[in-house]
Each structure stands twice: as structure tokens, then as C-alpha cells.
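Right, one structure below, let's go through it.
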Number of protein chains: 2
Amino acid sequence: MSGEMRGGRSEGWHIEEGFGAVRLGLRVSALLHEEQSEYQKIAVCESEFFGRILFLDDLIMLTERDEFVYHEMITHVPLCGIKAPKRVLVIGGGDCGCLREILKHPSVERAILCEIDERVTEVCKEHFPWVEKVTADPRVELAFADGVAHVEEHPAEYDLVIVDSTDPIGPAVNLFRHEFYTRVAKCLRPGGVMVAQTETPFYAPEVVGRIRAELSTAFRFVDFFLGFIPTYPSGCWSWAYASNDGPYDAYFDELRAREVARSCRYYNPEIHRAAFSLPNFARTAINGEDPWK
Amino acid sequence: MSGEMRGGRSEGWHIEEGFGAVRLGLRVSALLHEEQSEYQKIAVCESEFFGRILFLDDLIMLTERDEFVYHEMITHVPLCGIKAPKRVLVIGGGDCGCLREILKHPSVERAILCEIDERVTEVCKEHFPWVEKVTADPRVELAFADGVAHVEEHPAEYDLVIVDSTDPIGPAVNLFRHEFYTRVAKCLRPGGVMVAQTETPFYAPEVVGRIRAELSTAFRFVDFFLGFIPTYPSGCWSWAYASNDGPYDAYFDELRAREVARSCRYYNPEIHRAAFSLPNFARTAINGEDPWK
């Protein structure tokens, strides 16, 4: 959250504080894992309601209860907007939640994970049930490397690039700059799409506005969509949908969306369309203005 | 939140805890008002980010920062679904936020507030800037009385009844029962609609399911819509749209919606349509099943 969130555990609660204004607390029980990797602090807690929770640098990355929202939206929205997607790159996403959803699309031949911190995936393999199966899938390739370098080395290679990063501070800061977006645009095949998580327009309108401005230097079409994520700040989360070949609604494979939705708990064809309808305050934020003035 | 939320102030924070699982904290500064009325504890706090905050029985009812979401959605969605609405009843809603939005519709001749606790409106008049102007409007009538009795005494009178209640415990419990819904159905004019706030399908799926079942005994058409409210539990809030004359999309005055949206920070014609597209877990909850099984 633009450097403005910090978290920690106290008396059976994980408490996250942001913007000097708000706290979110989740009741946790056992601390199952904690380590300092080369890049960040990785921790996993158990909790009764939310299931297991992954923390990076003391911030909630996912809970078993609501990770489905994030992972379904960041994958199925772009994948159902692309004709027969074959090659998909995930930058970040070491928890393999994106990969799990990507593999639901029968046309996908190759799903490459480019995660800078191999320890994230190793820890997740021990603690989250989907990781073992996903990483064993022959369509999956794990490349523990810098995403910025990877996209530069693979021009015109991908139908979809998903930037499943942490917040625009720390290890992920380069993933929110226009130099990176320009490289991503070059590594897309014709009809290709880039999707990225872009924080909350409620608490961080200036971040969303800045990302849109940076994206617009590399992509002709930049749209945003929203979803409810109860354990992320404000519950109102945004993603960017960027392409040089058309807007988000240039193509929609409704049949595939309906098929995929059968194994989803959030995504369906109606949500696909509705998610791009933005409240006025989010439109203002995306246009680079302060909605709270 | 189905009796499962409790809140209080501690060291400059209002902390609300629910479902044994989650806490939401808002940083507050001065306590501007606190009293025990005949019905409930009423308090108003100042806060830097959220502006003034109204609490009933120690739970957040509204903050100046995000009350626009709740009030725009509970009013403009039904009003733009009704041809030339003339008479509108608000049950609860003592903070007058609904009235403020209703008055934006030029066809409205009469907006009646039926709030059981006059002190809520009096306290809000002192602390929230819109109340004075709204209550002085000649179209507004304040009836500090029991909503259940009021609807019984006014058959075939209203184009729209808005149930802007607290959670289904305490003073509001009767506003969530099918006896009440049956009476509301009878006080509607042809083409009339009832809208009610119906909690969060994320933490309280069983509550939303129960409300749908109760509503269905009184109304042929019951739909639900969603909106992002950062200071309500989960951020994912639901409302019911009930009628005996057609589903929510039987009529939509897009021109009026667009006109009204010019003074809104959330609502617009695209949001109007999109809000009825429900994620799978919310559909499951509304169908009376447990989405977390």
C-alpha cells in the first residue's frame, strides 16, 4: 500500500495498519513458519476463520478463505478476453494461486512462473494444498529469476503477462515503472494482454492514478477492473488490463468463462463484464485526480 | 452483523470485532457526543481521515468519508428503476443520508422519514452538514415512530420503501421478518419497490440467505446488489431489491441515472447495472447455502 502499510502480531491477532487511519486485524493461532529470505520476511500463520495466511514483510498476501477472489479475477478476466491463449507468464505469484487458475484453460500450453524469491514457493508448497499439484503439472515452468530481465529476454513470446506483485515498494518497485511496462508490451504476441494488481483506489487513489499514467506510456488501451477482497485494505481492489490491440471488451469468450466459472467461487461471465464498471471515485483516481478533494 | 459484532474505543482507535475472526479499527480523535437514548447508545467521533463518524451501540453507522457509497446505492438504484417516483418512505435512516439523495430526483413530491429514535436525527443535525438542509426541505416529512406500525397504517401509498436499518438485532430485529415485509408489500403502489440493507454475504452468508427467504414470502421478485463500503465488515455490502411487479431490470431510467450521477461519488448508470452481477459465493449465500463449505 504505497509504503503506508505495516503489520505485526500481538496477542493472537495479526494487525495491519495503514495510511495512519485504519487497522485490519485477523485472529491467528499458530505461527507455522517464519524466515527472512534474501528478499523479504516470509511467514505463514494458522487461523480458524481464514485458514492459513501467507505474510510477506508482515503484510497479508493471501488467506485461504478469500484468495480465490484475487486469483480468479487476475487470471480469468484476461484469459477469457484472449482467443485461445497458449503461453502465459506470471511475474511474482510465488504462491502459485495464479498458476492454479491459469491451468483451468484448456488452450494453455505453457504457464511460466517468474518469481524472484524461490523461498516463497518452497514455503507455500509446505503450507498450501494447491501448490504441489500445480508445480507438478507438465505445462508449468518455474523460473526463479528477476521478472524485469525475463521479459526483456523473451520478445513476442506471451499471450498474457500477469504481474502478481507485492505493493509498489521493496522488491516489487521496478514492476510499477514505465520502463518495465514497455518491455512487457514487447514480450506480448499479437492480441496479447498484460494484467497487473494495482492496489486500492479508496486509500491509495494517487497510486492507481500513477500506475495508469505509467501504463499509458506503453499501452494504447488501459482499463481497470475491481473486486471485493475482504482481507486487503478497504476490501476494494483494482487490477489494470492493458493491451496494444484493443480494449478489454474487444473480445470475450463467454462459453469458456461459463465453463471456468463452474470451478470458481467468485468469477462468472456476469462478473467479468461488471468488474469494469467503476464507481465515480475510482474513475477519478484512475484519471490522476484526488477523489477526496 | 447478526449480533456478532462489537465495538469500542481504545487509545485513539475505534475497534470493531466480528465473527471471532476479524477486527476493523479506525483512528479517531475527539469524542464529540455520547448519550444513551431510549433505544440505543449514540456517539459521534471526529477522525482525520474518515471525517466525523456516527456510532450506534458502538458500531460504525457512517463515516463522512465513505457514507456516499451506502446512501447513493440504497436510493438511486431503486429510484432509477421506478418510473417517476413520487412518494418515498425511509424506515430508519435517522442520519438523513437517504433523504439527501432521494431529493435529487425531481419527480419526488414527498419523502417521509420514519425513524424510531428521534435523538439520532437530532444528534446528526448537530454534527453532519447535510442534515439541516435536508430536514428543512418542504418535500421532507419527519415521523419519529415505529416503522412497522407506519407501513400498516399507509396501504398503497408509496412508490418506494427504503429499509435503512441497523443490523438485525436490537431495535431493528422486526424489520427483517416476513410479517414486516408482507406489510411493506401492501403499502406499495403499483410498480412499487422495497429496498433494504442486507449485511455482508462474506461474513454473514446465513443472514443474507435468511433475509432472501423471508422476502420471498412477500415479494415475487427479489434481487440483490452489492457495493464496496470500506468501513463496513468485509467491505462487501449487499442490499435487497424486492417488488411484486417485476425484476430489478424491468425498467431503468438511464437518463435520470446519468443526471443524478453528476452529483454522486459512487453511483452511475454502469454501476447501476453492474451491481446486480453477483460473485458465485454471494449467489450461494443468497440461495441459502453455505459458500464456505
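Per the conditions (1) away from every other protein chain (no Cβ under 14 Å); (2) surrounded by fewer than 24 Cβ atoms within 10 Å (Cβ to Cβ); (3) not β-branched (Val, Ile, Thr), the sole criterion not satisfied by B:ALA257 is (1). Here segment A:191-222 is the region considered, the condition is being within 14 Å of chain B (Cβ to nearest Cβ) and hydroxyl-bearing (Ser, Thr, Tyr), and the residue that is surrounded by the most Cβ atoms within 10 Å (Cβ to Cβ) is A:THR200. Can you confirm whether A:PRO168 is crowded, with 16+ Cβ neighbours inside 10 Å, of a type outside the set (Val, Ile, Thr) and not in a helix (DSSP H, G or I)? The answer is yes for A:PRO168.
For residues in segment A:223-239 being closer than 23 Å to A:LEU188 by Cβ and either in contact (Cβ under 8 Å) with a residue 60 or more places away in the chain or crowded, with 24+ Cβ neighbours inside 10 Å (or both), which is farthest from the other protein chains (Cβ to nearest Cβ)?
First, the residues of segment A:223-239 that are closer than 23 Å to A:LEU188 by Cβ: A:223-225, A:238-239.
Then drop every residue that is not either in contact (Cβ under 8 Å) with a residue 60 or more places away in the chain or crowded, with 24+ Cβ neighbours inside 10 Å (or both), which leaves A:224-225, A:238-239.
Details: A:PHE224: 13, A:PHE225: 10, A:SER238: 11, A:TRP239: 14 Å.
Restricting to residues being closer than 23 Å to A:LEU188 by Cβ and either in contact (Cβ under 8 Å) with a residue 60 or more places away in the chain or crowded, with 24+ Cβ neighbours inside 10 Å (or both), the top hit is A:TRP239.
Kindly provide the set of residues from segment A:273-293 that are among the aliphatic types (A, V, I, L, M) and either more than 8 Å from chain B (Cβ to nearest Cβ) or assigned to a loop (DSSP other than H, G, I, E, B) (or both), ordered by number. Break it down stepwise before answering.
If we filter segment A:273-293 for residues that are among the aliphatic types (A, V, I, L, M), which is where we start, we get A:274-275, A:278, A:282, A:285-286.
Matches in segment A:273-293: A:ALA275, A:LEU278, A:ALA282, A:ALA285, A:ILE286.
Among A:LEU24, A:LEU32, A:LEU62, which is the only one that is away from chain B (no Cβ under 14 Å), buried (at least 18 other Cβ atoms within 10 Å of the Cβ) and among the hydrophobic types (A, V, I, L, M, F, W, C)? Step by step, each of A:LEU24, A:LEU32, A:LEU62 is checked, and only A:LEU62 is away from chain B (no Cβ under 14 Å), buried (at least 18 other Cβ atoms within 10 Å of the Cβ) and among the hydrophobic types (A, V, I, L, M, F, W, C).
Looking across segment A:227-257, the residues that are under 14 Å from A:PRO78 (Cα atoms) and in a loop (DSSP other than H, G, I, E, B) come down to A:ASN244, A:ASP245, A:GLY246, A:PRO247, A:TYR251, A:PHE252, A:ASP253. Scanning segment B:135-142 finds no residues that are farther than 24 Å from B:PRO168 by Cα, assigned to a loop (DSSP other than H, G, I, E, B) and within 14 Å of chain A (Cβ to nearest Cβ).
Residue by residue through segment B:262-272, note down the ones that are part of a helix (DSSP H, G or I) and within 7 Å of chain A (Cβ to nearest Cβ).
Within segment B:262-272, B:GLU270, B:ILE271 qualify.
Sub-6 Å Cβ pairs linking a first residue in segment B:103-126 that is over 26 Å from B:HIS33 (Cβ atoms) to a second residue that is part of a helix (DSSP H, G or I) and among the hydrophobic types (A, V, I, L, M, F, W, C), at least 6 apart or interchain, are B:LYS104/B:VAL260; B:HIS105/B:LEU79; B:VAL108/B:ILE102, ordered by first then second residue. Is segment A:145-160 home to any residue that is among the β-branched types (Val, Ile, Thr), assigned to a strand (DSSP E or B) and either under 25 Å from A:ALA261 (Cβ atoms) or in contact with a helix residue (DSSP H, G or I) (Cβ under 7 Å, 6 or more places away or on another chain) (or both)? Scanning segment A:145-160 turns up no residue that is among the β-branched types (Val, Ile, Thr), assigned to a strand (DSSP E or B) and either under 25 Å from A:ALA261 (Cβ atoms) or in contact with a helix residue (DSSP H, G or I) (Cβ under 7 Å, 6 or more places away or on another chain) (or both).
A short reminder: the numbers here are calculations on the coordinates, not readings from a lab. Remember, predicted model here, so these are calculated numbers, not experimental data. We place every Cβ from the backbone using ideal geometry, glycine too, and count neighbours over all the protein chains shown.
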